[in-house]
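To start, the structure under review is shown below, and the notes come after it.
The values are calculated or read from the model by the stated rules, or taken from the named source; none is laboratory data. Everything numeric in this text was worked out from a predicted model, so none of it was measured. Cβ placement follows ideal geometry from the backbone for every residue including glycine, while neighbour counts extend to all protein chains displayed.
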Amino acid sequence: MSLIDELKSFTTKKYVGPQEYFDYTHVALLIYCLGEYAPKSRLELSHFLGLGEGSVRTILKRLKANSIINVTKKGVYLSEKGLTFYKEFKKMFPLIIEDNIYSLAPGKYNVIVLAKKLKYKVFQGIEQRDQAIKYGATGAITLVYEKESFKFPNTRENVEQLYPNKFWNKIKSLGKPEDGDVLIICFAEDRQKAYIGCFAAALSLFS
């Protein structure tokens with residue numbers, strides 16, 4: 001089972017019941033949050049995911065049943081299996097950061113993700129933008145990495161020349177991009193929506 005399929009399996013209802021207001025994008029963001037910032041309380045996870053505590057309780061119950069997390073008095077942690085899951089996720093998306101390049105992405109909050117070797121899944125970047133907006137973000141910009149520079153996928157214009165900024169050197173230093181990689185910059189007026197929108201856009205590359 002692929003990592004994406006396993007994420008989706010955590011959101012599959014095993015019984016008839018009330019409608020659920022989360023999906024595998026929220027599960028991926030929760031696992032990322034715990035991999036980076038654990039321990040976290042259920043309330044903190046609720047705020048980070050933009051979900052009610054009942055939805056977070058359901059996700060945690062399923063992750064615990066699959067031995068992905070441990071729950072203690074101090075909060076929620078990833079288990080050994082969960083940490084392995086998180087490390088595999090970070091191989092696919094080795095760079096996930098907050099930063100600002102307002103001339104290109106005019107949002108109060110920007111979340112940037114680097115996706116490895118997925119350029120072939122990008123057409124014009126509209127699909128990623130639409131997914132980000134669906135989850136509440138203002139928008140998203142998708143770029144591909146070719147010949148040591150980031151470019152628009154449809155025109156192949158060099159974005160670094162059109163929007164000169166120290167941001168590009170920072171991304172290259174931290175992410176070590178290679179030909180065929182994809183960079184998604186998601187922007188929103190709310191930090192939580194920037195994160196969930198960015199994860200939704202990145203995960204859409206696997207659909």
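Of the conditions (1) modelled with pLDDT of 95 or more; (2) among the charged types (D, E, K, R); (3) not in a helix (DSSP H, G or I), residue 160 satisfies every one except a single condition; which number is it?
Tallying (1) modelled with pLDDT of 95 or more; (2) among the charged types (D, E, K, R); (3) not in a helix (DSSP H, G or I), residue 160 fails exactly one: (3).
Does residue 44 count as charged (D, E, K, R), at pLDDT 95 or above and over 28 Å from residue 161 (Cβ atoms)?
yes
Find the residue count for the stretch 45-67, including only residues that are of a type outside the set (D, E, K, R) and touching a residue at least 40 places away in the same chain (Cβ under 8 Å). Walk me through how you get there before you give the answer.
We begin by selecting, within the stretch 45-67, every residue of a type outside the set (D, E, K, R); these are 45-52, 54-56, 58-60, 63, 65-67.
Imposing the further condition that a residue be touching a residue at least 40 places away in the same chain (Cβ under 8 Å) reduces the set to 47-50, 59, 63, 66.
Looking only at that region, the number is 7.
Tally time: how many residues in the stretch 100-157 are of a type in the set (Phe, Trp, Tyr), within 27 Å of residue 191 (Cβ to Cβ) and free of Cβ contacts under 8 Å to residues at least 60 places away in the same chain? Walk me through how you get there before you give the answer.
Of the residues in the stretch 100-157, the ones of a type in the set (Phe, Trp, Tyr) are 102, 109, 120, 123, 135, 145, 150, 152.
Filter once more, so that each one left must be within 27 Å of residue 191 (Cβ to Cβ): 102, 109, 135, 145, 150, 152.
Next, from what is left, pick out any that are free of Cβ contacts under 8 Å to residues at least 60 places away in the same chain: 102, 145, 150, 152.
Going through the stretch 100-157 one residue at a time, the tally reaches 4.
Any chance you could count how many residues in the stretch 181-207 are hydroxyl-bearing (Ser, Thr, Tyr) and either part of a strand (DSSP E or B) or surrounded by fewer than 23 Cβ atoms within 10 Å (Cβ to Cβ) (or both)? Break it down into steps so the answer makes sense when it comes.
Within the stretch 181-207, the subset hydroxyl-bearing (Ser, Thr, Tyr) is 195, 204, 207.
Filter once more, so that each one left must be either part of a strand (DSSP E or B) or surrounded by fewer than 23 Cβ atoms within 10 Å (Cβ to Cβ) (or both): 204, 207.
Matching residues across the stretch 181-207 total 2.
I need the full set of residues from the stretch 147-190 which are among the charged types (D, E, K, R) and within 13 Å of residue 112 (Cβ to Cβ), in order please.
Keep residues of the stretch 147-190 that are among the charged types (D, E, K, R), which gives 147-148, 151, 156-157, 160, 166, 170, 172, 176, 178-179, 181, 189-190.
Hits for the stretch 147-190 are 170, 172, 181.
Looking only at the stretch 139-158, how many residues end up being in contact with a helix residue (DSSP H, G or I) (Cβ under 8 Å, 6 or more places away or on another chain) and either over 19 Å from residue 92 (Cα atoms) or surrounded by 19 or more Cβ atoms within 10 Å (Cβ to Cβ) (or both)?
Initial filter on the stretch 139-158 (in contact with a helix residue (DSSP H, G or I) (Cβ under 8 Å, 6 or more places away or on another chain)): 139-146, 149-153.
From what's left, either over 19 Å from residue 92 (Cα atoms) or surrounded by 19 or more Cβ atoms within 10 Å (Cβ to Cβ) (or both): 139-145, 149-153.
Counting residues in the stretch 139-158 that are in contact with a helix residue (DSSP H, G or I) (Cβ under 8 Å, 6 or more places away or on another chain) and either over 19 Å from residue 92 (Cα atoms) or surrounded by 19 or more Cβ atoms within 10 Å (Cβ to Cβ) (or both) gives 12.
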